[in-house]
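Chemist: I am attaching a structure below and will ask some questions about it afterwards.
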Amino acid sequence: MAKTSESGAFVEKFILQPTSSSQQLPLSGLTFAVKDMTHSAATLTAPAVLDVLEGGATCVGKTIMDEMAYCINGENIHYGTPTNPCAPDRVPGGSSSGSAVAVGAGLVDFSLGSDTGGSVRVPASYCGILGFRPSHDAISTSGVIPMAQSFDTVGWFARDPTVLNRVGRALLHLPNVNPVTPSQIFIPEDCFSLSSIPSARTTGVLIKSIEKLVGGSILKHVNLGDYVKEKVPSLHHFMAKGNDHAYNIPSLAALSSSMRLLQRCEFKKNHAEWLTTVNPNLGPRLSKRIWDAVRSPEENIGICRSVQTELRAALTDLLKDEGILVLPTVPGDPPKLQTDLASLEVFRARAFSLLPLPEYPDSVR
């Protein structure tokens, strides 16, 4: 099926309306799109989609994604690459590329995506919109083709923070309550040092905003790499794997290695049989990584699980009940379209020193 011409965001347009009158419902009057995370034709509507439909929103179509949700660039050789509304000469981010572009281009009020290794956070950052990845298992992933169940989440995009909040309450089944003032806000200077964006545009703006809103006394500066290295001893196994580079933080790069090992294992269990049987035509930028995952040995998975447990405990101890850890999503501007693979790999290495922390179940809320 050919994609529609509207920024290349949609793989299929249709109208799916609320089952009852939506005039008094919290999402009344809002339109949305859904990431095409199905394989064979769906026979039931996914609970997450039902939640926003029952909240009064109208679905207008399905959006393009990276093949098998296995990339953060947003490129797709079969359906095309959705056009980044903020920077048309750069990638839109993935794998929820079409969902982010549909929101960023003003085609819908909000959209649904999935986030396993950054697939909501990255395209939201690249397209200049808001993206939210909730805690693992906070929203049902039933009806979503799994990539790696230990990390898969349903997330959402919006341009307007009020809309982001309304959609989140519908998906998380939360009542309207007053916001809670955080007890502490941690700024990891080492993580922000990976960014090519000047600090005056990142931490400088953040600190001034926090001081204005709630005062500077709750601000805490931390070296997150050192903290994780000390508190997550099982990472030692991955620290000797060539992670000490100028463009990353060794302990967080090790965390990324552990995460990706577990993701590959789960991806292999989910999709190896189909891939080896069908031998699909995969894009050249993805083919090697996907087949590497299929052929990867299932080793050190127990250590990866220990890393998960230790990291949850470490971050729970750091943040307590109402602490916030502020992280840059990516280390710089989105790469240009058709950037050479060597440059992309360096950028990915830097990005994956930043992305893993929110991917561990219940580690960051």
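The values are calculated or read from the model by the stated rules, or taken from the named source; none is laboratory data. The structure displayed is predicted, hence computed values, not measured ones. With ideal geometry, Cβ positions are generated from the backbone for all residues, glycine too; neighbour counts draw on all protein chains shown. Protein only, heavy atoms only, side chains kept; ligands, DNA and RNA dropped before computing areas. Shrake-Rupley method; radii C 1.70, N 1.55, O 1.52, S 1.80 Å.
Chemist: Write down the Kirkwood hydrodynamic radius of segment 184-355, to one decimal in angstroms, obtained as one divided by the mean of 1/r over all alpha carbon pairs.
Modeler: 18.1
Chemist: Sort 204-216, 97-109 by packing, meaning the average of other beta carbons within 10 Å per residue, with the highest value first.
Modeler: Result, highest mean Cβ count within 10 Å first: 97-109, 204-216.
Chemist: Residues with amide H under 5 Å of residue 219's amide H, sequence separation 5 or more or different chain, H placed in the peptide plane at 1.01 Å from N; which?
Modeler: So residue 219 has HN proximity to 185.
Chemist: Also, I was wondering about something else. Please report the carbon-and-sulfur percent of the accessible area for segment 10-172; probe 1.4 Å, protein heavy atoms only, DNA, RNA and ligands left out.
Modeler: Of all accessible area on segment 10-172, carbon and sulfur atoms account for 52 percent.
Chemist: Based solely on its DSSP helices, what 222 nm [θ] is calculated for the chain when runs of n ≥ 4 H residues each add -39,500 (n - 2.57) and the sum is averaged over all residues, nearest 500 deg cm²/dmol?
Modeler: Dividing the helical sum by the residues of the chain leaves -11000 deg cm²/dmol.
Chemist: Could you list, in their original order, any pairs among 13/35; 220/320; 231/269; 268/288 whose Cα atoms are separated by more than 20 Å?
Modeler: Pairs exceeding 20 Å: 231/269.
Chemist: Spelling out what I want: for every residue of segment 161-173, take phi, set θ = phi - 60°, compute 6.51 cos²θ - 1.76 cosθ + 1.60 (Karplus), and round to whole Hz; glycine and proline get x.
Modeler: x, 5, 5, 4, 5, 4, 5, x, 5, 5, 6, 8, 6
Chemist: Mind listing which GluC sites (Glu not before Pro) in segment 265-305 are in a DSSP loop and have 16 or fewer other Cβ atoms within 10 Å?
Modeler: Hits after loop and neighbour filter: 298, 299.
Chemist: Additional query: Quick one: which residues, 5 or more positions from residue 63 or on another chain, have an amide H under 5 Å from its amide H? H modelled 1.01 Å from N in the peptide plane, none for Pro or chain starts.
Modeler: It is 11, 34, 35, 36, by chain and number.
Chemist: On to the next question. Per-residue HN-Hα couplings for segment 325-338, Karplus 6.51 cos²θ - 1.76 cosθ + 1.60 at θ = phi - 60°, whole Hz, x for Gly and Pro?
Modeler: 9, 9, 10, x, 6, 9, x, x, 4, x, x, 6, 4, 6
Chemist: Moving on. If you average the sequence gap of Cα pairs under 8 Å that are 6 or more apart and divide by the length of segment 11-104, what percent do you get for the contact order?
Modeler: Taking the mean separation of contacting Cα pairs over the length of segment 11-104, I get 30 percent.
Chemist: What do you get for trypsin sites (Lys or Arg not before Pro) in segment 262-364 restricted to DSSP loop and a cutoff of at most 12 other Cβ within 10 Å of the site's Cβ?
Modeler: Of the trypsin sites (Lys or Arg not before Pro), the ones in loops of segment 262-364 whose Cβ has at most 12 other Cβ atoms within 10 Å are 320.
Chemist: Only Cα pairs under 8 Å and at least 6 apart count here; give the relative contact order of the chain as a rounded whole percent.
Modeler: Rounded, it is 17 percent for the chain.
Chemist: Whole-Hz Karplus ³J(HN,Hα) for segment 280-285, in order, using 6.51 cos²θ - 1.76 cosθ + 1.60 and θ = phi - 60°, x for Gly and Pro?
Modeler: x, 7, 8, x, x, 7
Chemist: How big is the Rg/Rh ratio for segment 102-220, C-alpha atoms only, Rh by Kirkwood, two decimals?
Modeler: That ratio equals 0.99.
Chemist: Give the long-range amide H neighbours of residue 155: residues separated by 5 or more places, or on another chain, with amide H under 5 Å away, using H modelled in the peptide plane at 1.01 Å from N.
Modeler: Result for residue 155 returns 113, 114, 115.
Chemist: Can I ask one more? Can you give the percent of C-alpha pairs in the chain whose distance is more than 27 Å?
Modeler: Cα-Cα pairs in the chain separated by more than 27 Å: 47 percent.
Chemist: Still on this structure: With contacts defined as alpha carbon pairs under 8 Å and 6 or more residues apart, what's the relative contact order of segment 10-172 in percent?
Modeler: Computed over segment 10-172, the figure is 24 percent.
Chemist: Here is a further query. Tell me, what % of the accessible area of segment 184-355 is carbon and sulfur with a 1.4 angstrom probe?
Modeler: Reported share for carbon and sulfur atoms: 52 percent.
Chemist: Just the accessible area per residue of the chain, please: how many Å² with a 1.4 Å probe?
Modeler: Accessible area per residue: 46 Å².
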